[in-house]
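The values are calculated or read from the model by the stated rules, or taken from the named source; none is laboratory data. Quick caveat: nothing in here was measured; it's all calculated off a predicted structure. Note that we place each Cβ from the backbone using ideal geometry, even for glycine, and neighbour counts take in every protein chain shown. SASA here: full protein model, heavy atoms, side chains in, ligands and nucleic acids out. Shrake-Rupley method; radii C 1.70, N 1.55, O 1.52, S 1.80 Å.
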Amino acid sequence: MKKRNATDVTSSLFIRLVLGFMLLCIFYAYENVPAQEKGVSSEARTFLDRMSRSLAEVAEVAKPSVVNISTTMSMNFEDTPFGGLLDDPFFRKFFGENFDRPGPKKGFKSSALGSGVIISEDGYILTGHHVVENAEEIKVVLGDKREFRGRVIGSDPPTDVAVIKIDAKGLPAIKMGDSRALKAGDVVLAIGNPFGLNQTITMGIVSAIGRTDIGIADYEDFIQIDAAVNPGNSGGALVNTGGELVGINTAIFSTSGGSMGVGFAIPSAMANTVAQGIIRHGKVVRGWLGVSVQDLTAELAQSLGIRQEQGALVTEVMKGSPAEKAGLKRGDLIVGFRGKAVENSSTLRNTVANTPPGTKAELKIIRGGKEETLSITVEELTPPKAAQRAAYKNALRGVHVQELTPEMREALNAPKDMKGVIVTSISGESPARQVLRKSDIIQEVNRKPVSGLQEYESIVSKIGPDETVLLLVYRNGGSLYVTIKP
């Protein structure tokens, strides 16, 4: 074997160093080549740049119309050695709603945050009913940081829509879009004030349209979106790629309180109809047929000998109603209204509600396996009479009720022959606040049956200021007795 001399070793080491340096230069050069030389084409970069600029342009158009809404309301709680433990639902599940709470009452102010959308240059703002419900003070902050005091013009709990007003002119009103043109997969932006972070924008797609049975409102036709919606987004804008309003963000489905990619918005077509009714007439004008309906199931269809898979099944026809005059009967299946297919009971209810009173319409039904067409004239839905907020000086002070209607019985799954009044709200100072709940049906007061509003007022007006009241109420599918101490 030939021995390597010092010169050979030196040459070999030099070659290795040169090769290593060359490899290092090649690696460094590769890491610093332009992106397009690594595989990102100029076409892709151009597309992404255009999309980025387009979304930014949409946001700039819509952002000035979205406002921050903060509300203040009075609350009270019992001062106990256990703090807020007695209000915890888990605690009250075991000890009951009537658990006697020791200690004096304490009052405090509660604040909440939400969003709103400017819909007119002279200060009308669209938001959610739950955003301003029971608010004593409303502060509105515009995108340019100006602050105004707001006042509620009108509110519609059945759709969770409210209109407030500020004294200002020349405001950036948003352009109304057509929510009926939305399709699953459309790109949308949600703009609001989550957690008080003004004019936050999130992007997503329309996951579904026409969502019902969510349990948020009476009239449901929600747009489901995957754009992040968090607490504080309620009342904010959902806009399409033209910067037009197509929805009012209202709720999220979440197990954590934060966004999980399932949000809901009220379609602009519904929200704007409600808002214009409030602004122009001071109330919401809805159509009414006078029927109670339910969805058609496979079991019902088989039992009734119905071959159709969709429709609204008539379960009750009210006396003197448009439905009775048109000849509708219990057991009829409504499959069409005004030339449009009726998929289920929610579809019919929403369509009729948005039909102007006085409209003559064709009603397609299935009766006895045969299709028939009836002519019906839509009438105005008259809101049930509400009790005057009498200043009762007894344990039921601050409890507000109204007449129980067939629609309410149906929504609460209450028996059709049940009588009573329904609780609509309870003020913060009422002794009944920790006992009664909104939507409770009061059937008896001190063992006396309540057939309606007039009888309720007559009984309650005779209760003494120091008298404990015994109520029979219907709640969550069953009746229970509760007591209220003055």
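State all residues of the range 130-154 that are without any contact (Cβ under 8 Å) to a residue 40 or more places away in the chain and touching an Asp or Glu at 6+ places or on another chain (Cβ under 8 Å); if no residue qualifies, say none.
Result: 148, 149.
For the range 178-210, give me each residue that is farther than 14 Å from residue 59 by Cβ and touching an Asp or Glu at 6+ places or on another chain (Cβ under 7 Å).
Within the range 178-210, 205, 206, 207, 210 meet the criteria.
Filter the range 200-236 down to the residues that are modelled with pLDDT of 85 or more, part of a strand (DSSP E or B) and open to solvent by 20 Å² or more (accessible area, probe 1.4 Å) and list them by number.
200, 201, 202, 203, 205, 207, 209, 224
From the list 284, 274, which residue is closer than 30 Å to residue 126 by Cα, touching a residue at least 40 places away in the same chain (Cβ under 8 Å) and part of a helix (DSSP H, G or I)?
Within the list 284, 274, the selection yields 274.
Restricting to the range 287-319, name every residue that is assigned to a loop (DSSP other than H, G, I, E, B), in contact (Cβ under 8 Å) with a residue 24 or more places away in the chain and either open to solvent by 20 Å² or more (accessible area, probe 1.4 Å) or within 14 Å of residue 343 (Cα to Cα) (or both).
296, 305, 306, 307, 308, 310, 311, 318 - these are the residues of the range 287-319 that are assigned to a loop (DSSP other than H, G, I, E, B), in contact (Cβ under 8 Å) with a residue 24 or more places away in the chain and either open to solvent by 20 Å² or more (accessible area, probe 1.4 Å) or within 14 Å of residue 343 (Cα to Cα) (or both).
Evaluate the following for residue 393: is it at pLDDT below 85, open to solvent by 70 Å² or more (accessible area, probe 1.4 Å) and in a loop (DSSP other than H, G, I, E, B)?
For residue 393, the condition - at pLDDT below 85, open to solvent by 70 Å² or more (accessible area, probe 1.4 Å) and in a loop (DSSP other than H, G, I, E, B) - is met.
Return the residue satisfying two criteria in turn: it lies in the range 403-456 and is open to solvent by 50 Å² or more (accessible area, probe 1.4 Å) and assigned to a helix (DSSP H, G or I), and of such residues it is modelled with the highest pLDDT.
455
Could you list all residues from the range 320-352 that are among the small types (Gly, Ala, Ser) and surrounded by 22 or more Cβ atoms within 10 Å (Cβ to Cβ)?
Within the range 320-352, 323, 345 meet the criteria.
When the range 123-174 is examined, which residues are found to be closer than 21 Å to residue 246 by Cα, out of contact with any helix residue (DSSP H, G or I) (no Cβ under 9 Å at 6 or more places or on another chain) and part of a loop (DSSP other than H, G, I, E, B)?
Selection gives 123 alone.
Filter the range 182-193 for residues that are at negative phi and free of Cβ contacts under 8 Å to residues at least 60 places away in the same chain; which is least open to solvent (accessible area, probe 1.4 Å)?
Out of the qualifying residues, it is 188.
Six or more apart or on different chains, Cβ atoms under 8 Å: show the pairs whose first residue is in the range 40-62 and in contact (Cβ under 8 Å) with a residue 12 or more places away in the chain and whose second is hydroxyl-bearing (Ser, Thr, Tyr).
Here the result reads 54/241; 58/241, each pair linking the range 40-62 to a residue that is hydroxyl-bearing (Ser, Thr, Tyr).
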